[in-house]
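The values are calculated or read from the model by the stated rules, or taken from the named source; none is laboratory data. Everything quoted here is computed from the prediction, not taken from an experiment. Please note: Cβ atoms are built from the backbone with ideal geometry, for glycine as well, and neighbour counts cover all protein chains shown. Please note that ligands, DNA and RNA were not included when accessible areas were found on the heavy atoms of the full protein model with its side chains. Shrake-Rupley method; radii C 1.70, N 1.55, O 1.52, S 1.80 Å.
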Amino acid sequence: MILKGFKLPVFFCLLFLLVAMPLHAQNVLDDVEEEDRIDTPTSGDVAPNLVAEKIINISSSKKIFILTNENQTFSKGDFISLLLANKLVCRALVAKTNQDKLSGIKIVKIYNLALWKQLNMGKQVLVLKGDDSFYTNKDKASLKNETVKKNDSKLQNEEDLFNSTSLSSDEDDLSIDENAKRLIKPDNLLSLNVGLIQSKDVDGAAKKYTQINGAWSYQLTDNIWAEIALGTNTVRDYPVPGLDTRMVNIEVKGKYTFSAPFYSYIQPYIGYQTITASSPTAGTDPGDNSRTPEQLAAELQLVQDLRVSTVIFGVTILKRIVPGWFVRADFGTDIINGGLTLEF
């Protein structure tokens, strides 16, 4: 026998060494690999690359931005983040790019409201494409919950830019859906104006009277508006000295909105105007026989001459001065007007 004379304890020692050596080698390799995994930084630990771009235009609701894309680092369907002072401002989806190195983006989340208010046309921002966990410091579970499915992250056509986006409750100011065709987003315009209305004097000659009037416009569908206006003024010493006549102007109009430079809009209109006139004591004998029947009839006729029922047409010009407010001017066969308009 080979083991004859070989002591049993020595045999077991040799066997233990042969088994232990590969086990020890495997543990060393595992330790090296584990150390490598710990020392290798993840994407959330490495400062991402940022590029500087400029804001070219901002929609009235501040939900759609036009950015330069000089560095060509992002394209249609990408998620990007905007930063100021190396701090996250907002999260956006790239909706469109063109050959002029411009990109349209849709804001989907606001991180810092104070910095958000600093965004304006001409402002330079830092753009981060893709994952922004380096700045948000969110754990992996939160990042998984916020990951957008591939089919939802890519836009199929340009109209998708204006699809509604789910926003958190603290972002209600951005919850209005954009409409690509609608130039003025709200449905209502309320105006207060002072104008000159065309009428006649006691001699039958044309004369303009100052009139205070108000108007309410409602957007029936994209850029098509219906408007009703009401104005009033008093004509002194008409139809004769000592008598006054009250005029009431009622107008109904249909308008269509066109965009104009400098945040302005042009609204050609056509409509119908009715002017009523009343002078309670005109044509009434005061009781002293100072006026003949012919004179009384003439007074009634003069009041009648102020009454109008006719088709009208013209144009309204709106110029935005601050968000929600316009200055307004009307030039038409019915009136020449100027005032202020509130959108809501």
Leaving out ligands, DNA and RNA, what percent of the accessible area of the stretch 230-270 is carbon and sulfur, probe 1.4 Å? 69 percent
Positive end of the charge dipole of the stretch 188-317 (Lys, Arg +1 and Asp, Glu -1 on Cβ, about the Cα centre): tell me which of Val235, Asn188, Gln295 has its Cα farthest that way. Asn188
What distance in nm separates the two pseudo spin-label positions at Thr281 and Trp325, each 7 Å out from Cα along the beta-carbon direction? 4.3 nm
In the structure shown, do any of Lys109/Lys319; Lys106/Lys129; Lys54/Lys96; Lys185/Lys208 have a Cα-Cα gap over 25 Å, and if so which? Lys109/Lys319; Lys185/Lys208
So what is the accessible area of the stretch 183-245 per residue, in Å², with the probe set to 1.4 Å? 50 Å²
Hydrodynamic radius by Kirkwood, which averages 1/r over all alpha carbon pairs of the stretch 241-304, in angstrom: 15.4 Å
